[in-house]
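Asker: Next up is a structure, given as structure tokens.
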Amino acid sequence: MAGKSKKRIAILGAGPSGLFLFKRFVEQDNKDFEIEIFERKSQIGSGMPYSHQGANDEHITNVSDNEIPMIVTSIEEWVQTAPGDLLQRYQINPDQFNEYKVLPRLFFGEYLTAQFDLLLKKARKKGLHTILHLNTTVTDITDQPEHNQVWVEINRDETLKFDHVIMSTGHSWPLQYEGKVPGYYDTPYPPAKLRLGLNHPVAIRGSSLTAIDAIRTIARHNGSLTRTEDGTMTYTRAAGSPEFRIILHSRNGMLPGVRFHLEDSHLSNDSLLTEEELAAHIAQNNGFLSLDYIFEKNFKDIFQEKDPQFYERIKALSVEEFVDEMMELRERLDPFQLLKAEYIEAEKSIKRQESVYWKEMLGVLSFALNYPAKYLSAEDMSRLHDSLIPLISIVIAYLPQSSCEELLALNEAGVLEMVTVGSQSEVRAESRGGATYYYKDENGKDQAVYYQTFIDCVGQPHLSYQDFPFAGMLSKNTITPARLKFSSAEYGKRVMDREEKKVIQGTDGTYYLEVPGIAINDNFQVLDHYGAYNDRIYMMAVPYIGGYNPDYSGLDFCEEASLRIVNSIKPFDL
């Protein structure tokens with residue numbers, strides 16, 4: 001490397017993840033890097049969720065300005081200079097801006113785009129050499145260890161050479177039947193395709209925020225939402241859609257939890273275990289992070305001072321017992337009854353600026369558990385997915401109030417209902433169009449219901465090693481499937497013999513559970529099949545890291561992951 005003074009860095013993807021990565025490089029005040037950013041679309045900053053790929057005008061964020069990590073300026077500052085036609089389109093008055101209110105997603109996307117532009121200006125001013133490639137598709141990546149480089153192929157006709165490549169390519173929804181089977185949608189995105197006039201029942205698979213996105217769109221194109229004099233929202237079907245209905249199909253029959261006031265809007269707590277404490281525990285526990293230990297220290301113990309009454313209620317409960325107790329009410333009540341009760345609770349929380357503390361701390365636990373989760377045993381990761389994650393995914397969805405009001409109005413109008421289908425349900429695409437939903441009802445009776453329109457809304461799927469899009473990295477074994485070791489070889493063998501999960505036997509008699517995505521280390525560097533990390537290639541693309549990072553969404557994740565990545569990249573020694 002004699003004579004070479006600057007490291008060449010490629011950031012693949014200019015959505016929110018790429019935005020925070022670039023922000024870190026700009027903040028470093030280091031001119032010893034050359035940055036090239038590749039984006040397959042024409043807009044930077046917004047990514048899928050905050051662009052027309054993931055939103056229409058009716059879609060809103062589930063975070064507000066006070067909860068967003070600082071980029072260059074706050075939204076409150078930015079709206080003072082935002083284009084007038086943009087403010088008018090979304091009916092935003094800069095003089096009455098409220099940092100605690102959620103925003104239209106496309107408006108928020110424009111804010112992120114403006115932040116990226118500000119960072120590009122700051123980079124130029126500081127002398128950080130940056131090239132932005134728009135409308136550019138990365139078609140392959142090949143590691144070249146003999147040259148200590150990574151080669152990036154773009155548009156299948158040009159190869160560029162870099163010292164480090166960071167993949168922040170964002171969301172991906174592979175299509176299986178969509179476009180081949182009429183009325184079958186593998187994903188609700190981009191949502192413009194759901195602007196459909198429908199005069200029949202529509203099946204939606206899932207009941208998460210992804211499902212709410214689909215509901216907000218199809219409801220508007222088959223009826224109208226209005227407010228009565230007392231402020232209640234009502235829904236009326238359109239004249240051409242008298243038979244229009246929406247049937248949500250949920251494994252557990254539950255709707256997302258409602259957004260409430262957060263005491264700490266950035267998922268932090270001074271009582272959490274430090275990285276040093278976590279490392280010490282892992283070293284003393286045969287290399288494993290204990291789920292029970294982190295649940296005790298990063299969740300239960302925090303209530304001793306903050307909410308002693310709640311602590312007394314849960315102090316003797318295991319992870320599974322705690323989840324059972326919190327789920328019991330949800331399972332007992334009609335989901336729309338519960339939604340109404342939570343809406344009232346959340347309204348009080350926001351009005352009084354008082355947190356629903358156990359729910360807030362569940363979000364903190366999820367964020368704190370995300371990065372060390374790769375050190376869980378296979379047994380504990382299975383427990384996490386079977387018990388805690390289903391509760392967390394409901395409680396910290398933070399469904400905005402207006403979405404809650406719309407769901408209640410649709411249900412009251414007889415348009416929206418929920419069916420619990422369990423984990424063994426199946427959807428089969430039909431050659432005539434649409435799909436048939438197979439499930440057992442609450443009485444254990446087999447059901448097979450045909451729907452002319454079916455929308456799969458289970459959210460971002462965890463993609464496997466085999467789904468990885470860059471053949472050059474697969475063919476050279478640059479990456480390896482993510483897997484977790486069983487703490488008990490005997491139990492691992494039993495799981496393998498039952499063939500209920502993908503289990504691999506190691507050469508030393510150990511057993512490993514294969515989990516979604518590819519293996520990475522704490523700095524998001526990819527690992528090869530020997531377990532060695534590659535200090536040239538970083539993986540931050542959410543569909544491929546879910547096996548090791550259960551809670552990988554949101555801007556807080558982008559902020560934290562980008563810090564770990566950029567801090568691990570050092571300039572050349574001069």
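Any read-out appearing in this document is the output of simple, stated calculations on the displayed coordinates, not a laboratory observation. All values reported here derive from a predicted model rather than from experimental measurement. Heads up, the Cβs are rebuilt from the backbone with ideal geometry, glycines too, and the neighbour counts pull from every protein chain shown.
Asker: Mean shadow of the stretch 275-395, computed from the convex hull of its alpha carbons, in nm²? Walk me through the numbers before you get to the answer.
Answerer: Details: hull surface 33.2 nm².
Average of the hull's projected areas for the stretch 275-395 equals 8.3 nm².
Asker: Still on this structure: Show which lysines lie in cross-link reach of K7 when reach means a straight Cα distance below 24 angstrom and same-chain residues fewer than eight apart are skipped.
Answerer: K23, K31, K121, K122, K125, K126, K161, K476, K570
Asker: What's the extension gain from T159 to E312 if we count 0.36 nm per residue and subtract their Cα-Cα distance?
Answerer: Numbers: separation 153, 0.36 × 153 = 55.08 nm, distance 6.15 nm.
Result: 48.9 nm gained on full extension.
Asker: Using a 10 Å cut-off on Cβ atoms, rank the peptides 563-569, 422-428, 100-106 from the highest mean neighbour count down. Don't skip to the answer; put the middle values down first.
Answerer: Details: 563-569: 18.0, 422-428: 12.7, 100-106: 19.6.
My ranking of the peptides, most packed first, is 100-106, 563-569, 422-428.
Asker: Rg(Cα) of the stretch 146-220 divided by 2.2 N^0.38 Å?
Answerer: Values: Rg = 19.4 Å, N = 75, 2.2 N^0.38 = 11.3 Å.
Dividing the Cα radius of gyration by 2.2 N^0.38 Å gives 1.71.
Asker: Still on this structure, I have one more. A413 to L196: FRET efficiency via 1/(1 + (r/R0)^6), r the Cβ-Cβ distance, R0 22 Å, to the nearest 0.05?
Answerer: 0.75
Asker: Given C-alpha coordinates of the stretch 342-384, what is the ratio Rg to Rh with the Kirkwood estimate of Rh? Let's see the in-between values first.
Answerer: Working: Rg = 15.1 Å, Rh = 12.4 Å.
A ratio of 1.22.
Asker: May I ask for the percentage of alpha-carbon pairs in the stretch 454-494 that lie more than 14 Å from each other?
Answerer: Details: 536 of 820 pairs.
Above the 14 Å cut-off, the stretch 454-494 has 65 percent of its Cα pairs.
Asker: Once you put a point 7 Å from the Cα of Y530 and another 7 Å from the Cα of A341, both along the Cβ direction, what distance in nm separates them?
Answerer: 5.8
Asker: Rank the residues S224, S355 as a footprinting-exposure proxy: fewest other Cβ atoms within 10 Å of their Cβ go first. Numbers along the way, then the final one.
Answerer: On the way: S224 11, S355 16.
Ascending number of Cβ neighbours within 10 Å: S224, S355.
Asker: Evaluate the distance, in nm, between pseudo-label points positioned 7 Å from the Cα of E76 and of R428 along their respective Cα→Cβ axes.
Answerer: 5.7
Asker: If I require 27 Å or longer along the helix axis, counting alpha carbons, and a Kyte-Doolittle average no lower than -1.0, what helices from the chain are left? Use full DSSP H segments. Present the calculation step by step, with values, prior to reporting the outcome.
Answerer: Details: long enough: 105-126 (31 Å, -0.30).
Result, helices passing both filters: 105-126.
Asker: In addition: How big is the stretch 1-127 on each of its three principal axes, counting only the C-alpha atoms and giving the largest first in Å?
Answerer: 57, 28, 24
Asker: Still on this structure, please answer the following. Between R89 and N148, 0.36 nm times their residue separation minus their Cα-Cα distance comes to what?
Answerer: Values: separation 59, 0.36 × 59 = 21.24 nm, distance 4.99 nm.
Between R89 and N148, full extension yields 16.2 nm more.
Asker: On to the next question. Which value in deg cm²/dmol, rounded to the nearest 500, describes the helix-derived mean residue ellipticity at 222 nm for the chain, given -39,500 (n - 2.57) per DSSP H run of n ≥ 4 and division by the residue count? Could you put the intermediate results ahead of the total?
Answerer: Working: 18 runs with 183 residues, N = 574.
One gets -9500 deg cm²/dmol as the mean residue ellipticity at 222 nm.
Asker: Take peptides 433-439, 10-16 and line them up by average Cβ neighbours within 10 Å, highest first, as a rough protection proxy.
Answerer: Working: 433-439: 18.9, 10-16: 27.4.
The most tightly packed comes first, giving 10-16, 433-439.
Asker: Here's something else I'd like to know. What is the projected area of the convex hull of the Cα atoms of the stretch 465-544, averaged over all directions, in nm²?
Answerer: That works out to 5.9 nm².
Asker: Grab the Cα-Cα distance for H221 and K31, subtract it from 0.36 nm times how many residues apart they are, and report the gain in nm with one decimal.
Answerer: Separation in residues times 0.36 nm, less the Cα-Cα distance, equals 63.2 nm.
Asker: Share of Cα-Cα pairs in the chain beyond 43 Å, in percent? Numbers along the way, then the final one.
Answerer: Values: 33611 of 164451 pairs.
Pairs farther apart than 43 Å: 20 percent.
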